[in-house]
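Working notes, structure below.
The values are calculated or read from the model by the stated rules, or taken from the named source; none is laboratory data. These numbers come from a predicted model, not from an experiment. So basically every Cβ, Gly included, is an ideal-geometry build from the backbone, and we count neighbours across all protein chains shown. Ligands, DNA and RNA are excluded from the accessible area calculation, which covers all protein heavy atoms including side chains. Shrake-Rupley method; radii C 1.70, N 1.55, O 1.52, S 1.80 Å.
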Amino acid sequence: MFTYVARRIGLGAVTVLVASALSFLLVHASGGSPGAITAGEGATKAQIAAENVRLGWDRPLVAQYASWLGHAVRSDLGVSLIDGHGIWPDLMQRVPVTASMAVFATLFSAILGILAGVVAAVRRGRLDRMITVTSGIMLSLPQFWLGILLVYLLSVKAHLLPATGYVGFTVSPAQYVQSLVLPVLALGLTGAAIIARTTRAGMANALQQEHIRTLRALGTPLWRIRYLHALRFAGAPVVSVIGIQFIALFGGSVIIEQLFALPGLGQAAQGAINTHDFPAVQGVVVIATVVVVVTNLVLDLVLAALDPKVRAA
């Protein structure tokens, strides 16, 4: 198990290095330069060139990347070209916003999706068809449209929740929860539909397995067969979908963050791209990659615990 974990950590470190190198090369291949940003729109070519020299943009790419990497491992991602603020502290203030939204949306979709999938596979009949049709409808709804609908119903009409904005947990735990309910619902409902379908298919397959029929013949209690043995057999693909769901929510929440005015990583990424703030773009890519690598590592460990054959793969 130690070798398996060490191999996964090493692979994750290589992934982060490759992603940082690719983002570095893409930034340089974009055609712009930081000197053009810091010098302003009316700057001459000489002024832009002078700014590029000051910022080290004229140095060889290998030297620039080595310098950036050396600072990055010390939690220094440089400063923004727009406002001069440190990128690392700015992103660290935004990570909890995006992480809170992604974690709660993943938990909500996992609980709701697994419950619906198990009920559909166990009960069958009309309830199964109703859950399948409902999940199909939820899958067809765009998240931003669902978010607008939730704002209209729960904020504008019912006045139950704030339509936009974010309040930190340390400021007010109650307002923190209220500010996340609508984004979590908008993201989690569609995610629950995917997990429900995966769970239903896995459970239906598990209940037909030979060892499940043997347990029935031995008189094992039905609840133990369904919710322990069959659910564990169906667990590996469900855990994989939940992990992918978290990664997709963490990295793809730009529209939802814009819709609910949440100061998260998605909003930072969009702002950095629109203003050609190259160091900020690189910083967002690295932070997002680290989150993906850590999530994949946790996912691999959970899958290895559920299925010992995974460790030998």
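For (1) part of a helix (DSSP H, G or I); (2) open to solvent by less than 20 Å² (accessible area, probe 1.4 Å); (3) at pLDDT 85 or above, each residue gets a yes or a no:
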| site | (1), (2), (3) |
| --- | --- |
| GLY266 | yes, yes, no |
| ALA272 | yes, yes, no |
| HIS276 | no, no, no |
| VAL281 | yes, no, yes |
| ILE287 | yes, yes, yes |
| VAL292 | yes, no, no |
| LEU297 | yes, no, no |
| ASP300 | yes, no, no |
| LEU303 | yes, no, no |
Working only within region 208-229, note down all residues that are within 36 Å of the chain's Cα centre (by Cα), in a helix (DSSP H, G or I) and either without any contact (Cβ under 8 Å) to a residue 60 or more places away in the chain or more than 21 Å from THR198 (Cα to Cα) (or both). ILE212, TRP223, ARG224, ILE225, LEU228, HIS229
Somewhere in region 195-217, is a residue at pLDDT 90 or above, of a type in the set (Val, Ile, Thr) and within 30 Å of ARG94 (Cβ to Cβ)? yes
Is it true that ALA236 is open to solvent by 20 Å² or more (accessible area, probe 1.4 Å), of a type in the set (A, V, I, L, M), without any contact (Cβ under 8 Å) to a residue 60 or more places away in the chain and assigned to a helix (DSSP H, G or I)? no
Which residue is surrounded by the most Cβ atoms within 10 Å (Cβ to Cβ), if the candidates are limited to region 13-35 and must be farther than 17 Å from ASN52 by Cα and in contact with a Phe, Trp or Tyr (Cβ under 9 Å, 6 or more places away or on another chain)? SER20
What about GLY125, is it surrounded by fewer than 18 Cβ atoms within 10 Å (Cβ to Cβ), under 22 Å from VAL254 (Cβ atoms) and out of contact with any Lys or Arg (no Cβ under 7 Å at 6 or more places or on another chain)? no
Using beta carbons and a limit of 6 Å, which pairs, at least six apart or on different chains, have the first residue in region 260-280 and in contact (Cβ under 8 Å) with a residue 12 or more places away in the chain and on the phi > 0 side of the Ramachandran plot and the second one part of a loop (DSSP other than H, G, I, E, B) and open to solvent by 20 Å² or more (accessible area, probe 1.4 Å)? ALA261/THR164; ALA261/GLY165; HIS276/GLY32
